[in-house]
């Protein structure tokens, strides 16, 4: 009696059982390889965005280009931005908000401020302040926001929706505070990092 078919089934089953421990390893290697490609692509994108926001590139000074770059940052991961752009001049976190500030490359009197709301803010406004009492005149904000003297109107900050602002201010004090005011669930809230931003720090 020919029982070769039964032996063939046995060999196939034995081969599968022998190789099965290797399948998870192969899967994770494949998945990790894909993740690395995504990370490298994201790093290149964030690096290009930083250059555009720092005035590098033919069209980088056009408001539409700057606004597009800043809005594109909102689709990125907060930790990936911090990792790629290096340690911020300022990083501050409360149970309501996380604030970070960078100095764009080769740009004086300019700050890039990132906000990551942990709770939803309403009627929010950001102010640059100096302890000496001087006022810092804000000259321009991207993306466009209503601003007057040292204050910027932001209004609503939805939970987890990143907002990045490029703030051009007059040359003046080298250290300034970043203060965020607004309401959360109808209550007035202020987020003020304990130390000022040193705009001369690299």
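Would you mind calculating the gained length between residue 198 and residue 168 on full extension (0.36 nm times residue separation, minus the Cα-Cα distance), in nm to one decimal?
Once the chain is fully extended between residue 198 and residue 168, it gains 9.3 nm.
What is the packing order of peptides 162-168, 180-186, taking the mean over residues of other C-beta atoms within 10 Å and listing the highest first? Numbers along the way, then the final one.
Values: 162-168: 20.1, 180-186: 16.0.
Taking the mean over residues of other Cβ atoms within 10 Å, the ranking is 162-168, 180-186.
Would you work out the relative contact order for the range 86-139, in percent, from Cα pairs under 8 angstrom that are 6 or more residues apart?
24 percent
Multiply the residue separation of residue 95 and residue 156 by 0.36 nm, subtract the distance between their alpha-carbon atoms, and state the gained length in nm to one decimal.
20.2 nm is the gain from fully extending residue 95 to residue 156.
Could you work out the relative contact order of the range 87-198, using alpha carbon pairs under 8 angstrom and six or more residues apart, expressed as a whole percent?
29 percent
Rule-based calculations on the coordinates, nothing more; no lab input. Just so it is clear, the structure is predicted and the values come from calculations on it, not from any experiment. Backbone-built Cβ (ideal geometry, glycine too); neighbour counts: all protein chains shown.
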